[in-house]
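Visitor: Would you mind keeping the following structure in view while I ask a few things?
The values are calculated or read from the model by the stated rules, or taken from the named source; none is laboratory data. Not measured: the values here are computed from a predicted model. All Cβ positions, glycine included, derive from the backbone under ideal geometry; neighbour counts span all protein chains shown.
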Number of protein chains: 2
Amino acid sequence: MKKISLLGATGSIGLQTIDIVLANPESFQLVAFSTGRNIEKTRELVTQIKPELVSVQQEEDARVLQQEFPHVSFTYGTKGLIEVATHPETTVFVNAVLGSVGLESTLAAIHMSKNIAIANKETLVTAGHLVMAEAKKYNAPILPVDSEHSALYQSMNGENPKAIERLILTASGGSFRDKTRAELQGVTVKDALNHPNWSMGAKITIDSATMMNKGLEVIEAHVLFDMPYDNIDVLLHRESIIHSMVEYHDTSVMAQLGTPDMRVPIQYALTFPDRIPLIGGKRLNLAEIGKLHFQEVDFERYHALKLAYDAGRMGGTILTAMNAANEAAVALFLEEKITFLEIEACIERVMDAHNNILLPDLETILHVDSETRKLVRNMVE
Amino acid sequence: MKKISLLGATGSIGLQTIDIVLANPESFQLVAFSTGRNIEKTRELVTQIKPELVSVQQEEDARVLQQEFPHVSFTYGTKGLIEVATHPETTVFVNAVLGSVGLESTLAAIHMSKNIAIANKETLVTAGHLVMAEAKKYNAPILPVDSEHSALYQSMNGENPKAIERLILTASGGSFRDKTRAELQGVTVKDALNHPNWSMGAKITIDSATMMNKGLEVIEAHVLFDMPYDNIDVLLHRESIIHSMVEYHDTSVMAQLGTPDMRVPIQYALTFPDRIPLIGGKRLNLAEIGKLHFQEVDFERYHALKLAYDAGRMGGTILTAMNAANEAAVALFLEEKITFLEIEACIERVMDAHNNILLPDLETILHVDSETRKLVRNMVE
């Protein structure tokens, strides 16, 4: 029985984590979780899961819920996230919040040597050097939840890391993969949210269309697997069946494949190094699919991916600036205040103007993050 | 430094094993090997390799070579094969002979707890129950050299065998994959020897065209990985890039891919669990390949594959009978004494007439083997 704490229970990854926990009551127990402002959903989850500790965003909500559920402890805000992450009974911490809000609680869970299942890209992208150093020091395994990094992790299982030659991240190409750059001028929010293979949140679907998502994944892969950027490739693969690959120095390539289903990498992070059956999982049928396609990625077409490689190679606070600029710009796009192509223009302007600081501490990272968001907002308002 | 003994040094697998050994003198030393009747090639190999022990087929050849190379020991015949297999200095035994001749020496090497790198299908197909039981008893790892089984082995590395749901062997479909059964009537030996992806010996190229090769591999997979036949699938994949796959009960599929090159599985069997760079290996470039195709296998089209599943499910001496009938029939086809489709007809007649004995001992297996070969010869002469 693994006892789990979860940040971001009402998000897409959070809800799927809960599905897995509830489908396997003999394997997992969700002891503590956090939600945001969706109190109706929080109420429902508390009833269903009967956790020991729940953190919400607002103090007022915590007070109301505490009266309704006297046998559960409620807390709130940033300190609430840390309380959930560090709950003494849990051995696995799932970080499934969006944005840099997950960073401090991840470090707190690492300091308690928990297994860290991480779906929160920003933590690794902006503070990868801090997180990995602490994880090593406190012997806390970092288990990726992203389907691509999980595929890499699975493809390295039992292997000598020194034999790895190259990581190959596959990319569907996103909702606009069949459009030229010229055709991207007029695309709408609605067009962008129509992802061909995965059903995901709005922000990540836009990131997938710009391929900033893949750029963040390249940086994550660099951080997680200590691999130089020159040895991390992105390969267009429209069907999203091969989730990623590891090439070894004997020319062997190990790959993880499957029907796109985020529950697979989530569950693997919870059960590693073992596997348990996926309840209701759809088996891969390659004969039915018939063909898998592969294509080189064009960095001129996917300019955001190039920006991410550039930032990754530089390292330092420019990673935070790039990530924050992207988050802010995507939000502006979703609010229909900027066009699709202005997202990457926005990121590039921020990067060009950035005074880079290498190996930043947590405080510096959080400062650059909030300053960059303001900067991007000011660009349009 | 691993010291190696090798049966079948002048065959395709044998020569590639030697390539690997000579390319990595700091990792490997070939101490003992066997050849057949190609004395010119044997002479060349002895000069190149400077082994301690060499076995040839004929006593006379051993005597001649002994005079030429007084610092090398020469031996011959079946006892010579066993001497090579059990050479006390070696820790790895590579069995790369064709046919049942490799069986006794494999058992002898197992009894010395050597690592057994096995390219000899017949040993596992006809005497799998004996080989695997002894291998377990004497703690001798059986490392597959076939590209498909090596792919399965690599895809299981670090995994819990209990989590395996299914083995998926890929098949190119052989030289006649685009022909209907009707079109197979008139095919010639020359047509059959033209394999699309792999350059191999004549016998295995014909087995690839009938798919008896894949049938033998299914049986080998059953033996090596203790997997029921219902959980072993064959998938047509014309490019031979995915060498085989393992499906787990969480719906994850692990696969090993690469440019077709037999040196990869040979070298992996020598270096397992580690890997070393493949000298002159061609890296996989999926973008260049563009597409991978998959298709269900049609058991009516590939009748020999169905026969192999049937024999496998029955177990016992029918496996030996089927394999011997196939070897004899393929030889007759190569001699242009029977047609291509008569190969499977021949196997089916032998199987229909066979009195099956379950769990046969070595003597019974060798007896059924030689009787079946005679029977098939008698069918046409």
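Visitor: Kindly indicate which of B:54, B:72 is under 27 Å from residue B:202 (Cβ atoms) and of a type in the set (Val, Ile, Thr).
Guide: None of the others qualify; the one that does is B:54.
Visitor: Counting only residues that are crowded, with 17+ Cβ neighbours inside 10 Å and of a type in the set (Ser, Thr, Tyr), how many does region A:40-72 have?
Guide: Residues that pass the stated criteria total 2.
Visitor: Would you kindly identify the strands (runs of 3 or more DSSP E) lying entirely within region B:13-89 that contain at least 3 residues that are at pLDDT 95 or above and among the hydroxyl-bearing types (Ser, Thr, Tyr)?
Guide: B:73-76
Visitor: Looking only at region A:79-134, which residues are over 15 Å from residue A:34 (Cα atoms), free of Cβ contacts under 8 Å to residues at least 60 places away in the same chain, polar (S, T, N, Q) and surrounded by 23 or more Cβ atoms within 10 Å (Cβ to Cβ)?
Guide: Within region A:79-134, A:123 is the sole residue that qualifies.
Visitor: Another question, if that's okay. Consider residue B:25 against the criteria (1) without any contact (Cβ under 8 Å) to a residue 24 or more places away in the chain; (2) buried (at least 18 other Cβ atoms within 10 Å of the Cβ); (3) not hydrophobic (A, V, I, L, M, F, W, C): it satisfies all of them except one. Which criterion is unmet?
Guide: Single failed check for residue B:25: (2).
Visitor: Being part of a strand (DSSP E or B), among the β-branched types (Val, Ile, Thr) and out of contact with any Ser or Thr (no Cβ under 7 Å at 6 or more places or on another chain) is the filter; apply it to region B:196-245 and report the residue that is nearest to the other protein chains (Cβ to nearest Cβ). Quick ask: steps written out before the conclusion?
Guide: First pass over region B:196-245, keeping only residues part of a strand (DSSP E or B): B:232-236, B:242-245.
With the extra rule that they be among the β-branched types (Val, Ile, Thr), the set shrinks to B:232, B:234, B:242.
Now drop any that are not out of contact with any Ser or Thr (no Cβ under 7 Å at 6 or more places or on another chain), which leaves B:232, B:234.
Working: B:232: 15, B:234: 10 Å.
The selected residue is B:234.
Visitor: Further question: I need a count of the residues in region B:133-145 that are part of a helix (DSSP H, G or I) and touching a strand residue (DSSP E or B) at 6+ places or on another chain (Cβ under 7 Å).
Guide: Qualifying residue count for the region: 1.
Visitor: Could you list, in sequence order, the residues of region A:262-284 that are within 16 Å of the chain's Cα centre (by Cα) and more than 7 Å from every other protein chain (Cβ to nearest Cβ)? Step through it out loud before you land on a result.
Guide: We begin by selecting, within region A:262-284, every residue within 16 Å of the chain's Cα centre (by Cα); these are A:262-270.
Correct list: A:262, A:263, A:265, A:266, A:269, A:270.
Visitor: Name the single residue that is surrounded by the fewest Cβ atoms within 10 Å (Cβ to Cβ) among those in region B:258-289 being under 19 Å from residue A:235 (Cβ atoms) and free of Cβ contacts under 8 Å to residues at least 40 places away in the same chain. If you could, list the steps in order and put the result at the bottom.
Guide: First, the residues of region B:258-289 that are under 19 Å from residue A:235 (Cβ atoms): B:258-259, B:282-289.
Checking which are free of Cβ contacts under 8 Å to residues at least 40 places away in the same chain leaves us with B:258-259, B:282-283, B:285, B:287-288.
Numbers: B:258: 25, B:259: 17, B:282: 11, B:283: 13, B:285: 12, B:287: 16, B:288: 9.
Filtering first and then ranking leaves B:288.
Visitor: Tell me the residue from A:224, A:216 that is in contact with a Phe, Trp or Tyr (Cβ under 9 Å, 6 or more places away or on another chain) and of a type in the set (A, V, I, L, M), please. I'd like the intermediate steps shown before the answer.
Guide: Details: A:216 fails: in contact with a Phe, Trp or Tyr (Cβ under 9 Å, 6 or more places away or on another chain).
So the residue among A:224, A:216 that is in contact with a Phe, Trp or Tyr (Cβ under 9 Å, 6 or more places away or on another chain) and of a type in the set (A, V, I, L, M) is A:224.
Visitor: Separate question: Of the conditions (1) part of a loop (DSSP other than H, G, I, E, B); (2) within 14 Å of chain A (Cβ to nearest Cβ); (3) buried (at least 18 other Cβ atoms within 10 Å of the Cβ); (4) of a type outside the set (A, V, I, L, M, F, W, C), residue B:175 fails just one. Which one is it?
Guide: (2)
Visitor: Within the group A:5, A:12, A:27, which residue is farther than 14 Å from residue A:91 by Cα and of a type outside the set (D, E, K, R)?
Guide: Working: A:5 fails: farther than 14 Å from residue A:91 by Cα; A:27 fails: farther than 14 Å from residue A:91 by Cα.
That would be A:12, the only listed residue that is farther than 14 Å from residue A:91 by Cα and of a type outside the set (D, E, K, R).
Visitor: How many residues are assigned to a loop (DSSP other than H, G, I, E, B) and not hydroxyl-bearing (Ser, Thr, Tyr) if we restrict to region A:106-125? Steps first, please.
Guide: Looking only at region A:106-125, we keep the residues that are assigned to a loop (DSSP other than H, G, I, E, B), and these are A:111-114, A:119-120.
Cutting the leftovers down to not hydroxyl-bearing (Ser, Thr, Tyr) gives us A:111-112, A:114, A:119-120.
The number of residues fulfilling the criteria is 5.
Visitor: Here is a further query. Looking only at residues in region B:156-168 that are under 21 Å from the mean Cα position of the chain (by Cα) and closer than 13 Å to residue B:230 by Cα, which one is farthest from the other protein chains (Cβ to nearest Cβ)?
Guide: Residue satisfying both the conditions and the ranking: B:167.
Visitor: Hey, among the residues in region A:285-304 that are within 8 Å of chain B (Cβ to nearest Cβ) and of a type in the set (D, E, K, R), which one's nearest to residue A:206 (Cα to Cα)?
Guide: Kept after step one, since they are within 8 Å of chain B (Cβ to nearest Cβ), are these residues of region A:285-304: A:286-287, A:289-296.
This time we only want the ones that are of a type in the set (D, E, K, R), so: A:291, A:296.
Numbers: A:291: 27, A:296: 21 Å.
Step by step, filter region A:285-304, then rank; the result is A:296.
Visitor: Going by the conditions given, is residue B:41 farther than 22 Å from residue B:312 by Cα and basic (Lys, Arg)? Break it down into steps so the answer makes sense when it comes.
Guide: On the way: farther than 22 Å from residue B:312 by Cα: yes; basic (Lys, Arg): yes.
So residue B:41 fits the description; yes.
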